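A.B. asks: Sharing a structure, written as structure tokens. Questions coming.
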Amino acid sequence: MSLLSHADLLNLKRWNTPTIYNGWEQITSRNPAADAFNPEETTDFMPETGPMVGYAVTVVIEPSNPSHREANTDAWSEYRRYVATACPGPKIVVVQDLDKPAVIGAFWGEVNSNIHRALGCVGTITDGAIRDLDEMKNAGFKALARRLCVGHAFSHPVRWNCEVEVFGRKISPGELIHADKHGFIAIPENEQANLLEAARFMDENECATLIPAARNCSGKSTEDILQAIDEAGAAFGKNVRERFGRDGEF
């Protein structure tokens, strides 16, 4: 697995997730209207911390079912060893809750957040619930989840290091995740290397064309404003075509 440098990860974290999407759609061969980001609504319970970036480690749970604990009494230890050795990090734990749409218990709380921080994880995306919200914030562990709840029930790891599906999006271990209050995007390994460069280009392209055209409209007539925006849009598209060989949306 080829990992981005820590410097690149820090630079990716400087932009919001929609900006990363803008770069990704220029370099991907997939459908930008259907792939990579979450089609179902999720909630960022720590929006004040900004974006999180990391590599996916995955686990499946079923808090309603006590038989998993009886079937593998070493599951917690085995799962934690997987998380600790999966990759250097930063890591984001992606949790598929088989009880969905029901909420029976939370995999995440104060204790599990602190343990996963020690294993190199910076946060989670779970289509189940979280609890101990203030304590999770204190641990510096970010969470995108469906809701809050009170108990943990039988939140025993069922399986891990496997493809999971959360909020309508399938995620494989090792995919690069960028997430914030808007949602998340999961980038496979073959699209990671050029992601930062593409996102930076698209951000600079907006700042050089469309945004100043829209802001610099004081005292202008409606026709002049519309003409300036049309010209800026044409310049924006020309820059994208010259750089990526495709038209850019805005």
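Please treat every number below as a calculation from the coordinates, not as lab data. Since we're looking at a predicted model, the values are computed, not measured. Counting neighbours? That spans all protein chains shown, and the Cβs are built from the backbone with ideal geometry, glycine included.
A.B. asks: Report, ordered by chain and residue number, the lysines lying within cross-link reach of Lys181, taken as a straight Cα distance under 21 Å and ignoring same-chain residues fewer than 8 apart.
C.D. replies: Lys13, Lys91, Lys137, Lys142, Lys170
A.B. asks: Percent relative contact order of region 136-250, based on C-alpha pairs within less than 8 angstrom and at least six residues apart?
C.D. replies: 12
A.B. asks: So for each of 167-177, 33-43, 220-230, 14-24 I average, over its residues, the number of other beta carbons within 10 Å; can you give me the resulting order with the highest mean first?
C.D. replies: The packing order, highest mean first, is 14-24, 167-177, 33-43, 220-230.
A.B. asks: Please state the relative contact order of the chain as a whole percent: Cα pairs under 8 Å, 6+ residues apart? Intermediate values should be presented prior to the final figure.
C.D. replies: Values: 477 pairs, mean separation 69.6, N = 250.
Answer for the chain is 28 percent.
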